[in-house]
Each structure stands twice: as C-alpha cells, then as structure tokens.
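Novice: Have a look at this one.
The values are calculated or read from the model by the stated rules, or taken from the named source; none is laboratory data. Remember, it's a predicted structure, so these values are computed and weren't measured experimentally. So basically every Cβ, Gly included, is an ideal-geometry build from the backbone, and we count neighbours across all protein chains shown. Please note that ligands, DNA and RNA were not included when accessible areas were found on the heavy atoms of the full protein model with its side chains. Shrake-Rupley method; radii C 1.70, N 1.55, O 1.52, S 1.80 Å.
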Amino acid sequence: WQTDPTAELAEGPHDITLTATDEAGNVSEPSDAFNFTVDTTAPDAPPILTPDNLTVSDDQGDIQGPIDNGGVTDDTLPTFSGKGQVPGEIITVLDGGQPIGSAVVAEDGTWQTDPTAELAEGPHDITLTATDEAGNTSEPSDAFDFTVDTTAPDAPAILTPDNLTVSDDQGDIQGPIDNGGVTDDTLPTFSGKGQVPGEIITVLDGGQPIGSAVVAEDGTWQTDPTAELAEGPHDITLTATDEA
C-alpha cells in the first residue's frame, strides 16, 4: 500500500499511527507510533569571524600555525577547523563559492577538514555553510580571506651598492669592510637596504645562519652575528624569506 498526505505537513513533530479497516468496516486499534519532525528552516550561517569559530592552520614550511584573516601562507593544503556548531550538522568549506571540503560537527561542537585538492597560488575567499539533518543549508558565512604564496623571493642582490654593508666598529681602523677585505672586528654589523618590508633577511657564513633581521617599512635591515666570528676567511651570503 502507498499514500501521500492530503495536505502539506506543518513544521514540527509528527506522531504517525496506522489503523486497518476490513471489508466489513471494522477498524483496528491504532498501531505503535512512528515519530519524525518536519524541518524546512535553514540553520544560521556559521559566524566564522567570531573567535575560534574558524581556524585555518598552516603546517608546512618554516612558518607554521594559524593563518590570519587577510594573511599569507605557503601551505596549499591548510587545515580548516572550528567549534561552537550544532552536533550532526555538516559544515561545508567553500572557496570562491565552490566547495573544497566538508565535515560533520562532533558531539562537542568541533569540526575539522582538509581541502580535497591543493589550493592554487593566489588569493582565496573562504566561506562556510551549515547543513542540518533535514538537509536545509544556511546562507554562506562572512568571508575569511588569505593568499597562498609558494614562490620564493629573489635572492638579495648584495653586490649592488648599499644592498649589503659589513661594518667594522672595533680597533684603529673602522668603517665598511670591502668585499675581499680584512677586519679585526669579530662582531661586525651587517646591514642593507632596498629589500621588501616584512621579509626576513638571514645572514649565512659558509651556508650556516649567524643572524637575521626583519626588513623595516623603509626597506632597511640590520643585524649582528649571534656569536663572535672565528679567525680566518668568511663567506657571507644572504637569503630573503617572505611572509608566507
């Protein structure tokens, strides 16, 4: 047997029982109850900009941890997680309106997912939707934006005038040390200019880091060695590390 309701069921709980009527018109007692709820109301959009409701985590490269809204990362598969949602709901992560991952909210209200494919280089506009057990999907949340940057900066052009100065401030002869020169200062000061603000300049001696500095807004940087330099020749190079 099969039938449809004669009118739409109202929002809310429904307590269904059956009776059987024979050819003589005798009606049985009602059956045991079958209960369900009609829910046509979509959940609220996840409030992702509330603290802890969305965390985007970088676990690749030298700089790891939470990515700021508006930040930069070199992780093409960052982890998305949150808490404070309704257990059983499905949280879908969208990038530019297209789904890239989803997770069921656990009993403690937390959820976590990774992208189903690597994120492309460039800006990403992340929103979330919540889908309840009845299949109603919320409007997208506010956006959380970040940029994926996997391209290393150019090597610092240290032999260009002023891009690297090594300064001796010990003994009778002081001032800039020439490339190929000699100094009696075991803790010379390294400085430069013309770099990108926010980048980290690392000074290496024979390939080993001996100091670093963050480039200031005017493009300058300065650092001293973390330990005295040994007697003998030194082969100084620089690397630049960007915000990603």
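Novice: Could you calculate the contour length gain from T50 to D125, that is, 0.36 nm times the residue separation minus the distance between their Cα atoms, to one decimal place in nm? Provide the component values of the computation, followed by the final result.
Specialist: On the way: separation 75, 0.36 × 75 = 27.00 nm, distance 1.69 nm.
Between T50 and D125, full extension yields 25.3 nm more.
Novice: Ignoring ligands and nucleic acids, what accessible area does K83 show with a 1.4 Å probe (Å², nearest 10)?
Specialist: Only protein atoms counted, so the area is about 100 Å².
Novice: Right, another one. Quick one: how many Å² of V72 are accessible to a 1.4 Å probe, rounded to 10?
Specialist: Looks like 50 Å² after rounding.
Novice: Follow-up. When only C-alpha pairs under 8 Å and at least 6 residues apart count, what is the relative contact order of the stretch 5-85, in percent? Kindly include the intermediate steps, with their values, before the conclusion.
Specialist: Values: 93 pairs, mean separation 18.2, N = 81.
That works out to 22 percent.
Novice: Do you know the relative contact order of the chain, to the nearest whole percent, from alpha carbon pairs under 8 angstrom that are 6+ apart? Each step should come with its number before you reach the end.
Specialist: Working: 512 pairs, mean separation 34.5, N = 244.
RCO, the chain: 14 percent.
Novice: Related question: Shape verdict for the stretch 132-178, please, from the Cα gyration tensor: rounded (a/c under 1.5), prolate (a/b greater than b/c) or oblate.
Specialist: Details: a/c = 7.52, a/b = 4.26, b/c = 1.77.
Taking the square roots of the gyration eigenvalues as a ≥ b ≥ c, the stretch 132-178 is prolate.
Novice: Can you compute the FRET efficiency between L204 and E133 using 1/(1 + (r/R0)^6), with r the Cβ-Cβ distance and R0 = 45 Å? Round to the nearest 0.05. Mind showing how you got there, number by number?
Specialist: Numbers: r = 57 Å, r/R0 = 1.27.
Efficiency at R0 = 45 Å is approximately 0.20.
Novice: Express the relative contact order of the stretch 56-103 as a whole percentage, based on alpha carbon pairs under 8 Å and six or more residues apart in sequence. Each step should come with its number before you reach the end.
Specialist: Working: 47 pairs, mean separation 12.9, N = 48.
That works out to 27 percent.
Novice: Taking a ≥ b ≥ c as the square roots of the Cα gyration tensor eigenvalues, with a/c under 1.5 meaning rounded and otherwise prolate when a/b beats b/c, else oblate, which class fits the chain? If you can, show how the numbers build up before the last one.
Specialist: Working: a/c = 5.41, a/b = 4.68, b/c = 1.16.
Note, shape of the chain comes out prolate.
Novice: Could you please state how large a percent of the accessible area of the chain is carbon and sulfur, counting protein chains only and using a 1.4 Å probe?
Specialist: Details: 7390 of 15120 Å².
Its accessible area is 49 percent carbon and sulfur atoms.
Novice: Using the heavy atoms of the protein chains and a 1.4 angstrom probe, tell me the accessible area per residue for the stretch 54-206 in square angstrom. Show your work: numbers first, answer last.
Specialist: Values: 8110 Å² over 153 residues.
Normalised by residue count, the accessible surface of the stretch 54-206 is 53 Å².
Novice: Same structure again: Rounded if a/c is under 1.5, else prolate if a/b is larger than b/c, else oblate: which is the stretch 116-244, with a ≥ b ≥ c the root eigenvalues of its Cα gyration tensor?
Specialist: Working: a/c = 3.85, a/b = 3.51, b/c = 1.10.
Because a/c hits 1.5 or more and a/b exceeds b/c, the stretch 116-244 counts as prolate.
Novice: Residues of the stretch 192-219 with backbone nitrogen within less than 18 Å of a virtual label 7 Å along the Cα-to-Cβ line of T239, please, listed as ranges.
Specialist: It comes to 196, 198-215, nothing else.
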